[in-house]
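Heads up: the structure comes next, in structure tokens.
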Amino acid sequence: MCEPVPADLAGLDDESLVALMTELEGLADQVEAARLRVLGEWDARALWSVDGAYSGVGWLAARGSKSRASLGGILKDARQLRQMPITEAAVATGELAPAKARLLCRAINSRTRETFARDEQLLVDTLARLTVDDGAQAVRFWLRHADPDGPEPRDREANRLSLSQTLGGRWQLRGDLDQESGTVVSTVLAGLTDAAFRARRDAGLDSAGQGPWLRAEALIEMARRSTAAVADPASAVSRPLLWVIAGEEQLESGKGLCQLAGGGPIAALTAQRLRCDCDLVKVLWDADGSPHLDLGRTRRTASTTQRRILWIRDGGCTFPGCDRPPEWCEAHHIVWWERDGTTSIANLCLLCRHHHHLCHEGGYGVERVDTGELVFRRPDGSRIEPPLIAA
């Protein structure tokens, strides 16, 4: 273990700073190697399920120190590494850097697995002598020979899409699609982008350098058209494009801030614009700040308006540590309907399908205590505490 990093790095001479940097890089590799091995064993035992989590990624992300995207990648690699004995041993002894091992993990799929088992020692020996960038080139070269035909056109096993909001409120989109799916998306985007380009040209507007912006506008247009084209009008009401939470005074004056459900604060002026083409739902709030909408025992399932309120109030699955969004969730009766529970906002909470199943058939339980807080318990009755967020 290296000595604590000096507070005054500027006071270090060049030689000492280089030595410190080199030592830290080595320690980082050792920690990453240990992390891969421990994660693989931890995931294999499914220890994340003890707290009711639906996956290892969900359990880790709830601790707050890593993003879901980065956790998903390393957990997948850790799981794969357990099936690569030569590579795993080389990582454990420090003969192969973790970053190079992860390159090999990603080279394995249903079509290359047998060839990789044959060539694993050769690949480990080769990558050990190369930089990570050169190693990536070597792995790509090996893949061309091991899988000359490439993935099947409809091989969607590895399709991924992430959409995350930044601190500034903007959204970042990142994806990885198979050949056919990517072609479908690309073709539709290209058509909409071309139409926008021609519309701007006909209007006498210059579109030079506007390609990225036009493609972004085309993607938004795709989402708007899909919402407008739903077969069941009722589903469009229960799954609106945008929800804005605003008081009557804000909507009338255009002053202050409102809330874009799932998207953060917006100006009241923006809410006024969105109000021009939307449905308005008036919700009354109790003295304690809770929304009031109670159907009692007259109806078992939550109404469309109740679901809207639950989306806004709960923001997603309420199970400790779960980050599944509201559109993936179901309305759960805290006191079960079969046990004379009412269909009221106070007796409802959002649970994703996984945790809804746990609370009905897995022995887990939930109650709303006097403070309004939800308390979840394991089958043995012990309380599930919200995960501590890492600093």
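Of everything in segment 340-371, what is touching a helix residue (DSSP H, G or I) at 6+ places or on another chain (Cβ under 8 Å) and either touching a residue at least 40 places away in the same chain (Cβ under 8 Å) or surrounded by 19 or more Cβ atoms within 10 Å (Cβ to Cβ) (or both)? Give them in sequence order.
Hits for segment 340-371 are Thr343, Ile345, Leu348, Cys349, Leu350, Leu351, Cys352, Tyr364, Val366.
Looking at segment 196-211, which of its residues are surrounded by 13 or more Cβ atoms within 10 Å (Cβ to Cβ) and assigned to a helix (DSSP H, G or I)? Outline the logic, then answer.
First, pick out the residues of segment 196-211 that are surrounded by 13 or more Cβ atoms within 10 Å (Cβ to Cβ): 196-197, 200, 207, 210.
Result: Ala196, Phe197, Arg200.
Name the residues in segment 362-386 that are at pLDDT below 90 and either part of a strand (DSSP E or B) or in the same structural domain as Trp336 (by TED's automatic domain parsing) (or both), would you?
If the condition is that a residue be at pLDDT below 90 and either part of a strand (DSSP E or B) or in the same structural domain as Trp336 (by TED's automatic domain parsing) (or both), then Asp370, Thr371, Gly372 are the ones that fit.
Given Cys317, Cys349, Cys322, Cys359, which one is in a strand (DSSP E or B) and not aromatic (Phe, Trp, Tyr)?
Values: Cys317 fails: in a strand (DSSP E or B); Cys322 fails: in a strand (DSSP E or B); Cys359 fails: in a strand (DSSP E or B).
Sole residue among the options that is in a strand (DSSP E or B) and not aromatic (Phe, Trp, Tyr): Cys349.
Return the residue satisfying two criteria in turn: it lies in segment 5-51 and is among the small types (Gly, Ala, Ser) and touching a Lys or Arg at 6+ places or on another chain (Cβ under 8 Å), and of such residues it is nearest to Arg79 (Cα to Cα).
In this case the residue turns out to be Gly40.
Touching a residue at least 24 places away in the same chain (Cβ under 8 Å), in contact with a Gly (Cβ under 9 Å, 6 or more places away or on another chain) and surrounded by fewer than 16 Cβ atoms within 10 Å (Cβ to Cβ): which single residue out of Trp337, Trp328 fits that description?
Just a single option satisfies the conditions, and that option is Trp328.
Can you tell me which residue among Ala218, Ala236 is in a helix (DSSP H, G or I), at pLDDT 80 or above and either more than 23 Å from the chain's Cα centre (by Cα) or not assigned by TED's automatic domain parsing to the domain that holds Gly315 (or both)?
Only one candidate passes the filter, namely Ala218.
Test each condition in (1) of a type in the set (A, V, I, L, M, F, W, C); (2) at pLDDT below 80; (3) within 22 Å of His357 (Cβ to Cβ) for Leu251 and report the one that comes out false.
The one condition Leu251 does not meet is (3).
The values are calculated or read from the model by the stated rules, or taken from the named source; none is laboratory data. Note that this is a predicted model, so its numbers are computed, not measured. Note: ideal-geometry Cβ built from the backbone for every residue, glycine included; neighbour counts use all protein chains shown.
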